[in-house]
1. For the pair Thr13/Ala275, report the inter-label distance in nm, with labels modelled 7 Å from Cα in the Cβ direction.
2. Starting from the coordinates of the alpha-carbon atoms of the chain, obtain the Kirkwood hydrodynamic radius over all distinct pairs and give the value in Å to one decimal.
3. As a test question: what accessible area, to the nearest 10 Å², does Met163 have when a 1.4 Å probe is rolled over all protein chains in place?
4. What FRET efficiency comes out for the pair His46/Tyr155, r = Cβ-Cβ distance, R0 = 35 Å, nearest 0.05?
5. Would you kindly state how much longer the chain becomes between Glu219 and Met163 on full extension, computed as 0.36 nm times their sequence separation minus their alpha carbon distance, in nm to one decimal?
6. Of Lys85/Lys266; Lys85/Lys148; Lys159/Lys285; Lys118/Lys159; Lys263/Lys285; Lys26/Lys118, which sit over 22 Å apart, Cα to Cα?
7. What FRET efficiency would be calculated for the residue pair Ala5, Ser341, taking the C-beta separation as r and a Förster radius of 41 Å, to the nearest 0.05?
8. Quick one: net charge around Gly329, please, counting Lys, Arg +1 and Asp, Glu -1 for every other residue with C-beta under 12 Å from its C-beta.
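The values are calculated or read from the model by the stated rules, or taken from the named source; none is laboratory data. What you see is a predicted model, and the numbers here were worked out from it, not measured in a lab. Here Cβ is always computed from backbone atoms with ideal geometry, including for glycine, and neighbour counts include all displayed protein chains. Remember, those area values only see protein heavy atoms, side chains included, never the ligands or the DNA or RNA. Shrake-Rupley method; radii C 1.70, N 1.55, O 1.52, S 1.80 Å.
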Amino acid sequence: MADVANIAVWAITPKGAQLAEAIARKMPQADIFVTVELASDFERTHGFTRLKDAVQRHFTSFSAHIFIMSTGIVVRMIAPLIRNKTQDPAVLVADESGQYVISLLSGHIGGGNALTLKVAELIQADPVITTATDVNRLPAVDVLAREKNLYIENYGAIKTVSMALISGAPIYLHDPYYFLSDDLKAVTVLPFPEKKLAGKESLPKDVPAGVYIDDTEIEVPDNTLVLRPASLVAGIGCHRDTSFEELQEFLFNILGRFALAVKSLKCLASVDRRADAVGLLALAKDLDVPIKFFAPQELNAVQTIENPSVMVKKHIGVESVCEAAAILGSHQGRLIVPKQSTKNVTVAVARIPFSL
C-alpha cells in the first residue's frame, strides 16, 4: 500500500459525523471536517461553512480523503481538482450508515484500494473496489512496483501492461534480479528477446506489453513499462567549494557514459570532512536521496580499492574517497564504475547486492 500519511474524513450530517469520529478514533492520522454547526459536538474536528470551498482548499494537503456522503456529491465536487494518478490523493466514499466503503480515486498508486479494505474492516462495512486488476484477481503492477521500492519511469505504460494482464496475453519480462518474478507467477511471462532490447522496435502483436526492471539505461519499445530499483550508490570526492552545478554535470555525465539510470540512485556517499560542502549537500537534495559520510578510518578499511590516490592520502589521510565511499554506502556492493575524475571531482558507482 502507498503510504497514507494523513487522512481527511468529511461529513455533513450528524450521523455522518458520528461515523467520521468512529473512523478517526481508530486512525490517529485522520482529521475530521464537519459543518460549523456540528464541529462543537465532536473532538478533533475542523468546521467549514461551505463544503466545496473547504475541499478545494485542503484537497492536495492530505494523502487520502474519506467522504461520508453520496457518491454523486463527491464526484461533482472533486472533478475540477483531479490532475493525474501520480499526484491525486486517494478518495473513498462511505454511506452514513456505514454499510459500504467505495474506492473512488487513486486506488492503486494512491493506496485507495488498500485503505478501503482497512476502513471497511474497522467499521464492519462492505468494501467496493472496481479496478479491473482487483476485480479479476490479477496483480496490479503499479502497486507491486511501489511495494518493492521500484521507481516507475513511464506511468503511461501501466495501462498497457494492465490491459495485457486482464486480457490474459503474455508479457515480456526483463527482471534479472527477481523483483517481481514471483509475484507474476500466475501470468504468462516471456524473457525479453535480446534484439528487442536493442531499440524501440514494437513488440509482436501477440505479446502486447513488456516490463523492464533494471538500473541500466537501454532503449525499449514504447509499450514497455520501465521500473528502476534503488540499487546504485555514487561515491563522490570533491573540493569543499565545488559548486552544485559542477557536481551535477559530472555525475550525470558519468551515469550517462556507463548507461546507468539516475532514478536508481539510492544515495550518495563521501568522506565526513565534506559534510559541510554546500554543493554536495545541494546535489543530494536535488536528487532527493540521502547522503552518507564516512570517517577516514572507515574508508581506509575497504580492501577492494581499484585506484588509490597518493595525493588524497597526503591531504586527508585516505587512499580513496569515491571508490571506498561507494563500496561502504552500498553495503560492500560491487564497484561497477571505478574512479572517474576531473580537476575538482571524483565519482565512482557501486551496485547494492539485490539480496539486501
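1. Going from the Thr13 label point to the Ala275 one covers 5.9 nm.
2. On the way: mean 1/r = 0.0430 Å⁻¹.
Evaluated over the chain, this radius sits at 23.2 Å.
3. Using a 1.4 Å probe on the heavy atoms, I get roughly 110 Å².
4. On the way: r = 33 Å, r/R0 = 0.94.
So, using R0 = 35 Å, E works out to roughly 0.60.
5. Stretched fully, the Glu219-Met163 segment lengthens by 17.9 nm.
6. Lys85/Lys266; Lys159/Lys285; Lys118/Lys159
7. On the way: r = 41 Å, r/R0 = 1.01.
So the FRET efficiency works out to roughly 0.50.
8. Details: positive: Lys266, Lys292, Arg351; negative: Glu298, Glu323.
Result for the neighbourhood of Gly329: +1.
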